[in-house]
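**Q** This is the structure I want to talk about, given as structure tokens.
Computed from the coordinates by the stated procedures, all read-outs in this text should not be read as laboratory data. Keep in mind that this is a model prediction, so the values were computed, not measured. Backbone-built Cβ (ideal geometry, glycine too); neighbour counts: all protein chains shown.
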Amino acid sequence: PELQPEAKHEPEPGPPSATAFARQTSSTFRKKKKATGFRIGYGRDHQINNIDADGHGTGTGSGIGYGTNDRTDDNLNSDNVNDHVPPSPSLHTSATTSTTVSLVSESDSELHQGQAQQQQQQQQQQQSVDDAESRFEQIKARIFDKLNHARELAVSVSEARKDSIRRRRKAADDLHLATIRHGELEKQLEDACEAEDFEAADRINESLAAADKDKQSLLTALRDAEAQCNAIDSKMLEVLNCQIAVEEECATLLHGFSEDAMSNADSVFKKSEAQSSEEREKWLSSTEALELNKIELQIEAHLVDNARAAFNTSLDSLIEDDKREKEFLCNQKDILTDELQKLIALVKEKEKEIAENDSKMKQVDQRIADTISGFQEMQSSIDSKYESLQSHLSQMKTDSETLSKKKEEIDKLLAEEKYRGIKLKELAEISVGEAKMYQEVVGLRKSLLSSVLKSMEDKVRLAKTEEKLSKDVQILQLEASTARASLQELSSTKSSIQQNIASLKQRVYFIDKMVPELEAEKKVAAASRNFKEAARLAAEAKSLSTEKESVQIEMDKAVLDLGKLEEEIKRTVDKLQEIEGLILSKEKELAMARFQRLLLIAGAAKAERSAALELGDEEEANLLLAEADAANSEAKELQPKYNLKEEEFEDLPKHFISLELVTCLGRTKLADLAAMSGA
């Protein structure tokens, strides 16, 4: 008996369920994103014929038959073979592929456009940062030029100040020598007067007048030199005020730049946040679309894998019966061959059976070949679609990497924008710091300058007071000289009047003596009857009496004039004493003003000397030291003469500040100087 192999098939999942899942997924995404979904269908080919409800086939699952490949064979296995023709899933992925390609192309286009926009915005923002840096450098260059110009002015004024100090020192030395010479001449004049060497006294007096004139001219030269020094100090003050104004302008410029930079930084941060937010939204949208597309392709690939597995399983199951039949026939051939050997008698019959068996084997081989050739095209199609899906999955991976790179670029762009914003903020902070530094420097300079100004104003005020008092003393001395000359003239007149009165008294005395004698002689002559002699004597006595009366009148007038003259002399003496008292008072005031000014000069010279030593100018330091020593020496000479004490002048500053240091020093040293001076 011939055995017929039976093939048993397990029910296979049909493609319609996968199609429904794909449609449901696409529908869900369309509802969420309001975008066109991707339709993925398997087994919807026009060649697919679903098993109808009558249950044709051997299994409980759904079977798929190909109408073009139906075969009828008289062999007992032909129906069985046809019953087990495998399902033929035909994949229609053209819609999915085209959608994927369109998405990829759109994503690439948007990516290129986004990159172009990002590059343009990056260039604009980088240009903004570069412009800010360029403006900051321009502001710094402008500040440097202004400060350099102010420093050059300060240097030129400082050089002029050195020259004026030299001239003032020379004028002061010349005046000091002239004062010493004048004092020596006054002493020589006193000695000559005491020795009653009036000729020498007259010569010394002439030399003293010339020395006094020379002293006055030198004093005028010293005042001119001091006025020039004060003018240069005023110019130095103007330079310092100009420098302070420049530093204030620098602070204003830096504050303005810092405000603009902070505003630009905030704008950059806002733009970068908005741009990054927009780019992130685009990236998320593209990522979600790509992920959904990737999921659908993965589903499609999964279904293709299932279809391939089903195809391979169906093919193996279909040819398994034929293989068994072939094996059976081979065994039967062996048996028949054995029987042929055993039954030589039945050779022809067995040869016929062998021929029939060979014919059936050829038919089975043909059916196997036909079945395999029928599935080759389908397998090739499935393989090509599988490769296409793998290619698209690879493209999806590439797109995913592209989106990842885009995300990295977005993060990099955001980081760069943050860096630019931080750079702008750093510039703003640097600008604010420098502005604060300039403000601190301006505050320190103004604080120190107020102390310097007070000292300079006190010096100028005392110099004006000294000049005014000196003029007052000169006027009083001139009045005293006039009074002395007047007193001398009055004394000379008084002496003349006194001599005249004495002469008149002697004449009156002579007349008083002669008249009695003449009267006696007249009586004697009359008694002796010498009347001519008596008449002559009477006339002479009468003449003397008349002369006495006139002399008496003249003497009375002289006495009256002498009284008036003595009153005038007394008034002149009183006036002279008053003038001398005023002179002493004015000289005391002058000495006080001079003493205070000398202390200010000495203190300022010491401060300027310290500044010169710090700046490395030893020549100026030596000049200033000589000036300070000279001022201190003169002040010490005035102290015992006018009973002056430094403690009496509380308004004088305890610490002196160099104007040149205030002009030249930086913030740190200015702060130290202010701390030392208590400004």
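**Q** Pull up the cross-link candidates among the lysines for Lys333, meaning alpha carbon to alpha carbon under 29 Å and not fewer than 8 places away within one chain.
**A** Lys333 reaches Lys8, Lys323, Lys342, Lys348, Lys350, Lys352, Lys360, Lys362.
**Q** What's the whole-number percent of alpha carbon pairs in the stretch 234-320 lying beyond 16 angstrom?
**A** So the pairs more than 16 Å apart make up 77 percent of the total in the stretch 234-320.
**Q** Under a crude label model (7 Å from the Cα following the beta-carbon direction), how far is Leu219 from Arg181 in nanometres?
**A** If labels sit at Leu219 and Arg181, their model points lie 1.6 nm apart.
**Q** Now for a separate question. Distance check, please: which entries in Lys468/Lys654; Lys215/Lys235; Lys586/Lys645; Lys282/Lys406 exceed 20 angstrom between their Cα atoms?
**A** Table pairs above 20 Å Cα-Cα are Lys468/Lys654; Lys215/Lys235.
**Q** Near Ala525, within a Cβ-to-Cβ distance under 10 Å, what is the net charge of the other residues, with Lys and Arg +1 and Asp and Glu -1?
**A** The answer is +3.
**Q** In Å and on Cα atoms, what radius of gyration and Dmax does the stretch 477-516 show?
**A** 17.0, 57
**Q** Another question about this same structure. How big is the stretch 176-251 in terms of Cα radius of gyration and Dmax, in angstroms?
**A** When restricted to Cα atoms, the stretch 176-251 yields Rg and Dmax of 23.4, 78 Å.
**Q** For the stretch 212-361, what is one quarter of the convex hull surface built on the Cα atoms, given in nm²?
**A** Its average projected convex-hull area is 23.9 nm².
**Q** For Ser491 and Leu625, what does the FRET efficiency come to when R0 = 51 Å and r is the distance between their Cβ atoms, rounded to the nearest 0.05?
**A** 0.45
**Q** If you look at just the Cα atoms of the stretch 358-459, how large are its Rg and its Dmax in Å?
**A** 42.6, 144
**Q** What list of ³J(HN,Hα) values in whole Hz, one per residue of the stretch 322-335 in order, does the Karplus curve 6.51 cos²θ - 1.76 cosθ + 1.60 (θ = phi - 60°) give from phi, with Gly and Pro shown as x?
**A** Working through the residues one at a time gives 5, 5, 5, 5, 5, 5, 4, 5, 4, 5, 5, 4, 4, 4 Hz.
**Q** Enter the Cα centre distance for the pair the stretch 143-180 and the stretch 432-471, rounded to the nearest angstrom.
**A** 17 Å
**Q** Let me ask something else about it. Summing Lys, Arg as +1 and Asp, Glu as -1, what charge do residues with Cβ under 10 Å from the Cβ of Pro653 carry, Pro653 excluded?
**A** 0
**Q** Let me see the P(r) profile for the stretch 403-464: every Cα-Cα distance counted, bins of 5 Å, each bin given as a percent of all pairs.
**A** All Cα pairs considered, the percentages come to 5, 14, 10, 9, 8, 8, 7, 7, 6, 5, 5, 4, 3, 3, 2, 1, 1, 0.
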